[in-house]
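Beneath this line is the structure, given in structure tokens, with notes to follow.
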Amino acid sequence: MSACLLPPDSGALPYRGVMLDVCRHFLSMSEVRRMVEALALLKMNVLHLHLSDDQGWRFESLKWPKLTTHASTRPKTVVGRPANYSNHDLHPENYLNQYDDKVHSGFYSQNELRELVAFAKSKGITVVPEIDMPGHMRAARAAYPELGYNGVQQEVACSWGIFPEVLRVDEPGIQFAKDILGEICDVFDSPYIHIGGDECPKAEWAAADTARKQVEQMDLDPDHLDSYHKLQAWFTGEMAAFLASKGRKLLGWDEILDGGAPDGVVVMAWRDWTHAAERATKAGIPVVQAPSLLYFDYAQGPEKDEPLAIGPGATLEQVYAFDPFKGVPEERRDLVLGTQAQLWSEYIPTPEHLWYMAFPRLIALADVAYHGEKRDSYEDFLKKLPARVEGLKKLGIEGHPLP
Ligand code: ACM
């Protein structure tokens with residue numbers, strides 16, 4: 001029996017998704033719906049919406065209203081790559097950055113999202129929402145400085161990278177997270193709720209008295225980095241239990257394994273993914289395979305031939321050859337729920353560019369996921385591709401030229 005909780009269908013893999021990052025660049029609801037229609041055409045069944053990040057908060061909260069009045073807007077956006085790109089993980093807001101002077105803003109109301117969920121459901125697609133915690137909290141912290149330990153008021157981030165501002169994980173932070181996830185569960189009917197968990201720097205926690213005390217109460221050394229990975233694992237466990245009380249399962253990026261993953265979660269494997277998938281499945285934890293090969297914000301070939309992208313990426317042929325079971329022993333294959341393409345949007349500012357980056361690679365991934373080993377040869381796939389591209393054009397979607 002499949003470990004997947006999505007409505008069963010006849011796809012080889014039960015979870016076949018795409019992630020839209022609507023934070024770095026907002027996407028109108030009509031474009032989100034266009035993606036849903038495209039997914040239905042390809043027999044994909046999950047739309048993962050990445051709804052919060054450092055550069056913008058996109059989910060309307062009735063309990064925390066400044067998330068939409070403040071955290072959904074940034075005053076400007078870095079142009080091209082941040083100036084210190086080679087080291088952008090550490091200092092994303094380098095003074096050498098060039099910025100446009102354009103306000104970037106947007107969020108979805110709860111009603112709009114409920115209507116999206118119903119529309120997607122009518123097409124066989126589940127919308128999996130993500131609120132990224134406890135890292136990637138800069139926008140939320142700009143609206144509510146009290147969500148951090150130091151109370152410092154910051155701007156919503158205007159550049160790309162990993163920011164040090166994270167959620168406090170004592171009582172006020174836990175209450176915030178439960179309030180938001182409670183509202184998320186009211187709006188979305190997905191059995192899986194994604195809480196992010198990726199790229200959470202630990203320096204703020206290690207410097208905060210209350211976090212240090214929490215760690216000591218766990219019998220851990222507050223001067224040891226690993227203790228704070230365990231503190232994140234504790235946070236993940238609290239969220240998993242909260243979601244379980246609402247009949248949902250927690251889904252998180254593979255960092256949730258780092259401090260020892262709590263029971264009953266699902267891991268989305270992205271960093272060193274075969275290793276992450278091996279670690280997860282060994283512990284009996286189901287995985288969705290989302291490796292960098294499937295990061296469609298990377299160029300579809302050598303960068304010199306393509307518009308600015310986050311880096312050089314996989315070709316159509318490489319995507320079609322993707323093996324979602326790599327790294328997973330035969331006897332644990334049932335724990336591979338499926339696979340997902342990522343469309344992070346730092347370098348995808350418009351819907352037209354989104355379609356260009358996503359297609360035709362998403363058609364290839366859809367066939368890997370739906371037909372599995374029974375899919376056509378690559379040559380036959382290519383022969384049939386023009387007709388499928390015509391189908392997408394009828395939806396208003398124009399992808400990358402075919403090879
Ligand atoms: C990720 O790419 N930060 C999941």
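If I filter the stretch 287-320 down to residues being aliphatic (A, V, I, L, M), more than 13 Å from the ligand (Cβ to nearest atom) and part of a helix (DSSP H, G or I), which single residue comes out as farthest from Ala366 (Cα to Cα)?
Result: Leu316.
Starting from residues that are open to solvent by 20 Å² or more (accessible area, probe 1.4 Å) and out of contact with any Leu (no Cβ under 9 Å at 6 or more places or on another chain), keep the ones in the stretch 242-254 and report whichever is nearest to Ile174 (Cα to Cα).
Going through the qualifying residues, I end up with Ser245.
Limited to the stretch 265-285, what total is found for residues that are under 17 Å from the mean Cα position of the chain (by Cα), open to solvent by 10 Å² or more (accessible area, probe 1.4 Å) and closer than 21 Å to Ile193 by Cα?
Residues meeting the conditions: 3.
Inside the stretch 350-386, can you point out the residues that are surrounded by fewer than 22 Cβ atoms within 10 Å (Cβ to Cβ), under 20 Å from the mean Cα position of the chain (by Cα) and not in a helix (DSSP H, G or I)?
Thr350
Please determine whether any residue of the stretch 241-253 is aliphatic (A, V, I, L, M), at pLDDT 95 or above and in contact with a Phe, Trp or Tyr (Cβ under 7 Å, 6 or more places away or on another chain).
Checked the stretch 241-253: at least one residue is aliphatic (A, V, I, L, M), at pLDDT 95 or above and in contact with a Phe, Trp or Tyr (Cβ under 7 Å, 6 or more places away or on another chain).
Can you name the residue in the stretch 41-86 that is at pLDDT below 95 and open to solvent by 70 Å² or more (accessible area, probe 1.4 Å) and is also farthest from Gly396 (Cα to Cα) among such residues?
Among them, the one singled out is Ser86.
For residues that are over 16 Å from the mean Cα position of the chain (by Cα) and surrounded by fewer than 23 Cβ atoms within 10 Å (Cβ to Cβ), tally how many sit in the stretch 114-138.
Qualifying residue count for the region: 10.
Taking the stretch 100-151 only, how many residues are free of Cβ contacts under 8 Å to residues at least 24 places away in the same chain and assigned to a loop (DSSP other than H, G, I, E, B)?
Within the stretch 100-151, residues that are free of Cβ contacts under 8 Å to residues at least 24 places away in the same chain and assigned to a loop (DSSP other than H, G, I, E, B) number 1.
Taking Arg16, is it basic (Lys, Arg), open to solvent by 10 Å² or more (accessible area, probe 1.4 Å) and not in a loop (DSSP other than H, G, I, E, B)?
Taking the combined requirement at face value, the residue does not satisfy it.
So which residues in the stretch 238-279 are within 15 Å of the ligand (Cβ to nearest atom), among the small types (Gly, Ala, Ser) and closer than 21 Å to Tyr228 by Cβ, if there are any at all?
Selection gives Gly252, Ala276.
Considering the stretch 40-57 alone, what residues qualify as being among the hydrophobic types (A, V, I, L, M, F, W, C) and not in a strand (DSSP E or B)?
Ala40, Leu41, Leu42, Met44, Leu51
Take the stretch 333-351 and flag every residue that is under 13 Å from Phe26 (Cα atoms) and away from the ligand (no atom under 16 Å from the Cβ).
If the condition is that a residue be under 13 Å from Phe26 (Cα atoms) and away from the ligand (no atom under 16 Å from the Cβ), then Pro349, Thr350, Pro351 are the ones that fit.
Scan the stretch 223-237 residue by residue and report those that are away from the ligand (no atom under 16 Å from the Cβ) and open to solvent by less than 10 Å² (accessible area, probe 1.4 Å).
Ser227, Tyr228, Leu231, Phe235
In the stretch 162-190, how many are touching a residue at least 12 places away in the same chain (Cβ under 8 Å), more than 20 Å from His229 (Cα to Cα) and not hydrophobic (A, V, I, L, M, F, W, C)?
Selection size over the stretch 162-190: 7.
Is it the case that the stretch 98-112 has a residue that's within 16 Å of the ligand (Cβ to nearest atom), open to solvent by 10 Å² or more (accessible area, probe 1.4 Å) and either over 30 Å from Ala3 (Cβ atoms) or of a type in the set (A, V, I, L, M, F, W, C) (or both)?
The answer is no; no qualifying residue exists.
Given the conditions (1) outside any helix (DSSP H, G or I); (2) open to solvent by 60 Å² or more (accessible area, probe 1.4 Å); (3) in contact with a Gly (Cβ under 9 Å, 6 or more places away or on another chain); (4) not small (Gly, Ala, Ser), which single one is not true for Gln340?
(2)
Please find, within the stretch 168-201, the residue that is most open to solvent (accessible area, probe 1.4 Å) out of those that are away from the ligand (no atom under 16 Å from the Cβ) and assigned to a loop (DSSP other than H, G, I, E, B).
My answer is Asp189.
The values are calculated or read from the model by the stated rules, or taken from the named source; none is laboratory data. None of these values were measured; they are calculated from a predicted model. All Cβ positions, even for glycine, are placed from backbone atoms using ideal geometry, and neighbour counts span all protein chains on display. Protein only, heavy atoms only, side chains kept; ligands, DNA and RNA dropped before computing areas. Shrake-Rupley method; radii C 1.70, N 1.55, O 1.52, S 1.80 Å.
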